[in-house]
Amino acid sequence: MAHDTSKQADGDAIDQNLKRVYDDLLSQEVPDRFKDLLAQLKAQDAPADETSGGEDE
Amino acid sequence: MSTSDPRDELVNHLPAMRAFAMSLTRNSAIADDMVQDTLVKAWTKIDKFEPGTNLRAWLFTILRNTYYSNRRKANREVADVDGVFTESLSQKPDHDGRLQMADFQRAFVQLPDEQREALILVGASGFSYEEAAETCEVAVGTIKSRVNRGRKHLAELMGMNSDEAMELTDNATMAVVTARGNGAMR
């Protein structure tokens, strides 16, 4: 825990910044278009009848 | 005993897919188009996904393949960088942290794609070297070396190792950009 050379400190600062950049991006709200797209894909795939069991295309 | 459809989990990976896409493209419009392509591909090729393995890594692989194949097609090395990283910055007015973050973001977007993605995967998104290597379809050693070079490169761009890190100005950044244009990482 106690090896705080300045090189180590720089590395830590870089990792902290990386995480912060990534977390900022992660926390952005996902536009509705993607959930809409997934719903659309799902609707296209859904077989006409909903009998469960078979999974063949 | 119904096996769950991995396609139902795609929605949970959307924030990470967008974050990764934006890190790669540095442009939110292009990133979102890429995420859309990736979703369609993942949906239609879900039978290629091995259940029980890392779905996020699989999605990231599709994403980055989309990115690199577009980059090849467009035949351009210079990215169309928009304010994807800087827009969130304006909301955080803490002085030192903000200045340092601005420098970091400027440096980060200048990294070669391969270094940037390795750093995001390993340094930020918590992938192991092995997972990152699989995602990028390269050897583990290659990922390690990209991460190391990326860290070093960032430190250089940010002027670390000197006391001037806090004084990096736009002029200094321009000098770095110019030097890099003459110097060539690749």
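Observations on the model:
- Out-of-range pairs (alpha-carbon distance over 18 Å; input A:K42/B:K45; B:K41/B:K144; A:K42/B:K41): B:K41/B:K144
- At R0 = 45 Å, FRET efficiency that the Cβ-Cβ distance of B:E156 and A:A46 yields, to 0.05: 0.25
- Only alpha carbons enter this Debye calculation for the range B:1-60, each as an equal point scatterer, and the log10 of I(q)/I(0) it gives at q = 0.17, 0.20, 0.29 Å⁻¹ is -0.55, -0.73, -1.27.
- Virtual spin-label span in nm between A:R33 and B:N54, 7 Å along Cα→Cβ: 2.9
Each value in this text was obtained by applying a stated rule to the coordinates, not by laboratory testing. Keep in mind that this is a model prediction, so the values were computed, not measured. For neighbour counting, all protein chains shown are included, and Cβ atoms are generated from backbone atoms with ideal geometry for every residue, glycine included.
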